[in-house]
Amino acid sequence: MATKELKLPELEAGEHAGCYLFPFMNSVMERLKVMGRQRTFETYAAALKSFTAFRHNHDLSISEIDSELMLLYEAYLQKRGLTKNTTSFYMRILRAVYNRAVEKELTVQRYPFRHVYTGVAKSVKRAISLEDIRRIKELDLSEHPSIEFSRDMFIFSFCTRGMSFIDMAFLQKRNLQNGVLSYCRRKTGQRLSIRWERCMEEIVGRYNMQRSSYLLPIIKHADSDLRGQYLNAMCLVNRHLKHIGVMAGLHLPLTMYVARHSWATAARSKNIPISVISEGMGHDSEKTTSIYLASLENSVIDEANNVILREL
C-alpha cells in the first residue's frame, strides 16, 4: 500500500539549527506551532520524545542516521508493545524530517528508512454491537460520578454519529438551535448538522451547565488552558472506559474511538449506504469510511459463503 508522505512547512535559510537532529526537529516543530498546526506539533513532539528516550538523550548528527539505527529503533518500539501502525507513524515523521534535512543539504540521502515498516496496517476491529452499547448505557454507575460521566460521553458520541471527543469538548450552546446540533469538525473543517434526539438531551440534562457557554462539562474554565483541559479530560475518560468495558464484559479495550467505529458498523448493518454513512461521519471520502467497515464487510462475506456452502 502506498503511504502518504508527511509534508513539512518551509524553513527559511539559517533556520535549520545546525546539523544535529534534535535542534533541527525542534526548529521544524516551532514552525508548525507558529502556523497554528497544534495537533501536528504534538505528534512531532511525541515522536521526538520517543526517539530521544531511545537515544538516552544523546543527540546525533543527521548524517549519522542510517538503516541500522532505524532498525534498532523499530525493535525498541516493538519491544515496548507499540502497534505496527504507531511504530510506522513515528518512522514516517522522522523520515519527513530527515528528507527535509536532505533538501537543505545538511546530509546526503542514504535512505535510512528503507528496511523499516512505514506502511499502514489493517486496523483490528474496534466496533462493538448495539447490544454491547445498550449494556454500557444501562450500567448503574450512580455511585461513581466520574466513571458515569465517562460512560455518558461515550454514549453521547455514539448518539451523535460518532462525534470525536475534541468536537464534543468545544461544543457551544449556540451550536444547538431549533432542534439541530450544528458544528464544524476540527479535523476537516466540514460542517455537520445532527437532529437533536432524546438520548442526547438526557445526557446534557444530567449536568448543570447553566453558567457555561459550553454544552458539555468537558471544558469547565473558559479562562484557562482550553486544549489542556480537553486533553486531560480525554485521558481520564479513556482510562475510565477501559474499566467500563470490563464491567460490560467486552473483549476489546473500550475507548472513545470505539463509539465512532460502532456507529458506522451499526449503520451499515441496517443496510444504510456507505455514501450516507460517510456523509454522516464527516469523512472526506468513502474510502475512509470503508476502512471503518472492513470487519463488518468480512462478516457479511463469511455469512454469504456459509449460505452457499450449506447447499453442497
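The values are calculated or read from the model by the stated rules, or taken from the named source; none is laboratory data. Remember, predicted model here, so these are calculated numbers, not experimental data. As a convention, Cβ positions derive from the backbone with ideal geometry for all residues, glycine included, and neighbour counts pool all protein chains shown. For the accessible areas, the whole protein counts, side chains as well, though only heavy atoms, and no ligand, DNA or RNA atoms are used. Shrake-Rupley method; radii C 1.70, N 1.55, O 1.52, S 1.80 Å.
Counting only helices (runs of 4 or more DSSP H) wholly contained in region 1-110, the ones carrying 3 or more residues that are within 18 Å of residue 121 (Cβ to Cβ) and either at pLDDT 95 or above or among the polar types (S, T, N, Q) (or both) occupy 67-79, 84-103.
Residues in region 187-211 that are under 27 Å from residue 138 (Cα atoms), open to solvent by 70 Å² or more (accessible area, probe 1.4 Å) and modelled with pLDDT under 85: 208, 210. Among all residues of region 66-83, there is none that is basic (Lys, Arg) and under 20 Å from residue 26 (Cα atoms).
Filtering region 90-100 for residues that are aromatic (Phe, Trp, Tyr) and under 20 Å from the mean Cα position of the chain (by Cα) leaves a non-empty set.
Filtering 129, 157, 142 for residues that are of a type outside the set (D, E, K, R), open to solvent by 40 Å² or more (accessible area, probe 1.4 Å) and in contact with a helix residue (DSSP H, G or I) (Cβ under 7 Å, 6 or more places away or on another chain) leaves a single hit, 142.
Scanning region 53-79 for residues that are within 19 Å of residue 116 (Cα to Cα), touching a helix residue (DSSP H, G or I) at 6+ places or on another chain (Cβ under 7 Å), open to solvent by 20 Å² or more (accessible area, probe 1.4 Å) and in contact (Cβ under 8 Å) with a residue 24 or more places away in the chain yields one hit, 74. Applying a threshold of 6 Å to beta carbon distances and a minimum spacing of six or more residues, or different chains, the list of pairs starting in region 247-276 at a residue that is surrounded by fewer than 18 Cβ atoms within 10 Å (Cβ to Cβ) and of a type outside the set (A, V, I, L, M, F, W, C) and ending at one that is modelled with pLDDT of 85 or more and in a helix (DSSP H, G or I) reads 253/242. Only residues that are within 17 Å of residue 230 (Cβ to Cβ), in contact with a helix residue (DSSP H, G or I) (Cβ under 7 Å, 6 or more places away or on another chain) and either surrounded by fewer than 20 Cβ atoms within 10 Å (Cβ to Cβ) or without any contact (Cβ under 8 Å) to a residue 40 or more places away in the chain (or both) were counted across region 165-186, and they come to 4. Please go through region 220-279 and give me each residue that is of a type in the set (Asp, Glu) and in a helix (DSSP H, G or I), ordered by number. Of everything in region 220-279, just one residue is of a type in the set (Asp, Glu) and in a helix (DSSP H, G or I), namely 279.
Filter region 110-126 for residues that are over 30 Å from residue 63 (Cβ atoms) and among the aliphatic types (A, V, I, L, M); which is most open to solvent (accessible area, probe 1.4 Å)?
For region 110-126, the residue satisfying everything is 124.
Here is the figure for region 188-205: residues that are in contact (Cβ under 8 Å) with a residue 40 or more places away in the chain and either within 19 Å of the chain's Cα centre (by Cα) or assigned to a strand (DSSP E or B) (or both) total 3.
Applying a threshold of 8 Å to beta carbon distances and a minimum spacing of six or more residues, or different chains, the list of pairs starting in region 211-238 at a residue that is of a type outside the set (Ser, Thr, Tyr) and ending at one that is in a loop (DSSP other than H, G, I, E, B) and open to solvent by less than 20 Å² (accessible area, probe 1.4 Å) reads 215/171; 216/171; 226/219; 229/218; 229/219; 233/218; 233/219. Pairing residues of region 96-109 that are free of Cβ contacts under 8 Å to residues at least 24 places away in the same chain and surrounded by fewer than 16 Cβ atoms within 10 Å (Cβ to Cβ) with residues that are outside any helix (DSSP H, G or I) and of a type in the set (Ser, Thr, Tyr), at Cβ distances under 6 Å and at least 6 apart in sequence or on separate chains, gives no pairs at all.
Listed by position, the helices (runs of 4 or more DSSP H) enclosed by region 124-182 that each have at least 1 residues that are charged (D, E, K, R) and in contact with a Lys or Arg (Cβ under 7 Å, 6 or more places away or on another chain) are 145-159, 165-169.
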